[in-house]
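Below you'll find the structure, written out as C-alpha cells, and then a few comments.
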Amino acid sequence: MDVTLKIHRYVEGKSWVDTFTVPRSTGLTVLGALTYIKEQQDPTLSFTCSCRSSICGACAVRVNGNAELSCEVLIDDLTARYQSDALTIEPLGNFRVIRDLIVDWDPKYARLKKVKPSLHPKDEFTAETGCLQSPEDFNKYKKYAGCILCGSCVSECNKNALNQDDFLDPFAFVKAEKLVADSRSKSPEEHLKAVIEAGLWRCFNCQECTAKCPKGLAPAGAIEKLKAETFKHHLDDNIGARHAKAIYDDIQTSGTLDESKLNIKSEGYLMSSLRLPMALRLMNVGKMDPLAKHPVNPDIKTIDAIVKAAESADKEDA
C-alpha cells in the first residue's frame with residue numbers, strides 16, 4: 001500500500017502544494033519518504049537533515065499541522081494516528097521559509113543571544129582546578145542540556161504565532177533556565193534580567209511547546225521555573241510578577257480571585273486608570289461592584305491545604 005504526501009513548496013516567493021505517492025515499507029520514516037521523493041521523483045525538493053538519529057534536530061517539519069522530527073516519526077504510526085493514507089508536510093511554523101521545507105535559523109540564533117547564553121563561572125574556579133560540581137547540582141539542569149535546537153517548540157508556540165517581537169522562542173528560555181540552575185554560574189541574575197526584558201511573563205502557558213518537544217524537555221516548565229527564580233532573586237518589580245503575586249495572595253486569603261482589584265495590584269493605579277471605561281461597562285452590567293466585600297470561599301481550608309501541598313512539592317522538586 002502507498003502513502004500520499006502533500007508537500008508545501010516554496011521557491012522565490014511562489015508557494016504551492018505538490019502531491020507525491022511513496023511505496024510503504026517497514027520502518028519508513030517521513031525523512032525516508034522525503035529522501036525517496038528527492039531521489040526518485042523530484043530532485044528539486046529541498047529539506048534539511050543530518051544525523052538521521054534524532055540527535056541534531058535539523059530535520060524537523062510539520063506533519064498534519066504538528067511539529068515532528070522527520071527522521072524519527074514513522075509513516076505507519078502517522079497514518080494510524082490520523083486514520084488516513086494521506087499526510088500533509090509543511091515547513092516549521094513561526095520561521096521565515098527559505099525554500100520548500102527549509103527555514104531560516106539566523107534570526108532565531110540572534111534572538112537566543114538575548115538571554116546571554118554562556119556560563120560565567122564563579123571566581124573560585126580556575127583553569128587549574130576546574131569547575132567542580134556535585135551530582136545533585138548537575139541533576140538540577142541536566143535535562144535542559146538535551147535541547148537539540150530542532151525548532152519544534154517555536155513552531156507550535158501560540159505566543160510566537162501572535163507576536164514574536166515581545167517574546168523569545170521557547171528554546172531560548174530553556175537555555176536560560178539551564179544557566180540559572182547551574183551552581184557554577186557567577187551571575188544567574190544576568191540571565192534572569194535578560195529573560196524578563198525578553199517577555200518571560202508573556203507566555204500564554206498553552207503547553208504546546210512541551211507537548212511537541214521530541215526530547216521531553218518541557219520548555220513551559222522551564223519558563224515557570226524562571227518565573228519562580230525571579231522571586232528568589234528579588235527581580236519581581238514588574239507587571240507579570242505583581243500579577244502572579246496578586247493571584248497567589250487572593251487564593252491564599254479568600255480561595256477565589258478578587259478580579260476587581262487584580263489590575264490595580266498588577267499595574268498600579270495610574271495604568272489601571274486607563275481601563276476605567278472598561279470598568280464602567282463591567283459595573284453597568286453587574287459584573288463588578290467596587291463597594292462589595294470580596295467573599296471568602298467556604299472551602300478555604302481545603303484550598304489552603306492544596307496551596308501548601310503544592311508549595312511542599314515545589315520545594316522537593318527544587
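Anything in the stretch 142-188 that is among the hydroxyl-bearing types (Ser, Thr, Tyr) and either surrounded by fewer than 19 Cβ atoms within 10 Å (Cβ to Cβ) or in contact with a strand residue (DSSP E or B) (Cβ under 6 Å, 6 or more places away or on another chain) (or both)? List them, or say none. Don't jump to the end; show me each part of the working.
Residues of the stretch 142-188 that are among the hydroxyl-bearing types (Ser, Thr, Tyr), as a first pass: 144, 152, 155, 183, 185, 187.
Answer for the stretch 142-188, where residues must be among the hydroxyl-bearing types (Ser, Thr, Tyr) and either surrounded by fewer than 19 Cβ atoms within 10 Å (Cβ to Cβ) or in contact with a strand residue (DSSP E or B) (Cβ under 6 Å, 6 or more places away or on another chain) (or both): Ser152, Ser155, Ser183, Ser187.
Output the number of residues of the stretch 88-110 satisfying the condition of being buried (at least 21 other Cβ atoms within 10 Å of the Cβ), aliphatic (A, V, I, L, M) and more than 19 Å from the chain's Cα centre (by Cα). Residues in the stretch 88-110 being buried (at least 21 other Cβ atoms within 10 Å of the Cβ), aliphatic (A, V, I, L, M) and more than 19 Å from the chain's Cα centre (by Cα): 2 in total. Please verify whether Val11 is in contact with a Lys or Arg (Cβ under 7 Å, 6 or more places away or on another chain), touching a residue at least 40 places away in the same chain (Cβ under 8 Å) and of a type outside the set (Lys, Arg), treating the condition exactly as stated. Spelling it out, Val11 is indeed in contact with a Lys or Arg (Cβ under 7 Å, 6 or more places away or on another chain), touching a residue at least 40 places away in the same chain (Cβ under 8 Å) and of a type outside the set (Lys, Arg).
This table checks each residue for (1) under 32 Å from the mean Cα position of the chain (by Cα); (2) surrounded by fewer than 14 Cβ atoms within 10 Å (Cβ to Cβ).
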{"site": "Ala246", "(1), (2)": "yes, no"}
{"site": "Ser266", "(1), (2)": "yes, no"}
{"site": "Val296", "(1), (2)": "no, yes"}
{"site": "Ile306", "(1), (2)": "yes, yes"}
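Would you confirm, using the coordinates I've provided, whether Gly27 is under 28 Å from Glu12 (Cα atoms), surrounded by fewer than 20 Cβ atoms within 10 Å (Cβ to Cβ) and among the small types (Gly, Ala, Ser)? Steps first, please.
Values: under 28 Å from Glu12 (Cα atoms): no; surrounded by fewer than 20 Cβ atoms within 10 Å (Cβ to Cβ): yes; among the small types (Gly, Ala, Ser): yes.
So Gly27 does not fit the description; no.
For the stretch 248-262, residues that are surrounded by 17 or more Cβ atoms within 10 Å (Cβ to Cβ) and either out of contact with any helix residue (DSSP H, G or I) (no Cβ under 8 Å at 6 or more places or on another chain) or modelled with pLDDT under 85 (or both) total 1.
Could you name every one of the helices (runs of 4 or more DSSP H) located completely within the stretch 175-281 that has at least 1 residues being closer than 30 Å to Leu291 by Cβ, of a type outside the set (A, V, I, L, M, F, W, C) and outside the structural domain of Asn163 (by TED's automatic domain parsing)?
Values: elements: 188-197, 208-212, 219-232, 239-253, 259-273.
Here the list reads 239-253, 259-273.
Considering the conditions (1) touching a helix residue (DSSP H, G or I) at 6+ places or on another chain (Cβ under 6 Å); (2) among the hydroxyl-bearing types (Ser, Thr, Tyr); (3) farther than 19 Å from Val3 by Cα, Ser70 is excluded by exactly one of them, (3). Those residues that are more than 13 Å from the chain's Cα centre (by Cα), in contact (Cβ under 8 Å) with a residue 24 or more places away in the chain and within 13 Å of Leu217 (Cα to Cα), I need them from the stretch 124-176; list them, please. Answer for the stretch 124-176, where residues must be more than 13 Å from the chain's Cα centre (by Cα), in contact (Cβ under 8 Å) with a residue 24 or more places away in the chain and within 13 Å of Leu217 (Cα to Cα): Lys140, Tyr141, Lys143, Ala145, Gly146, Ile148.
When restricted to residues that are over 26 Å from the mean Cα position of the chain (by Cα) and within 22 Å of Val97 (Cα to Cα), the stretch 37-78 contains 7. Of the residues making up the stretch 233-285, those that are among the charged types (D, E, K, R) and either under 28 Å from Glu189 (Cβ atoms) or free of Cβ contacts under 8 Å to residues at least 12 places away in the same chain (or both) are Asp236, Asp237, Arg242, Lys245, Asp249, Lys265, Glu267, Arg281. Right, Ala310: over 30 Å from Asn163 (Cβ atoms), of a type outside the set (Ser, Thr, Tyr) and within 23 Å of the chain's Cα centre (by Cα) or not? Here the answer is yes, as Ala310 does meet what is asked.
Considering Asn297, Asn284, Asn238, the condition of being in contact with a Ser or Thr (Cβ under 6 Å, 6 or more places away or on another chain) and of a type in the set (S, T, N, Q) is satisfied by Asn297 alone.
The values are calculated or read from the model by the stated rules, or taken from the named source; none is laboratory data. Only a predicted model underlies this, so the values are computations on that prediction, with no experimental measurement involved. A quick note on method: Cβ atoms are made from the backbone with ideal geometry, for glycine too, and the neighbour counts reach across all protein chains shown.
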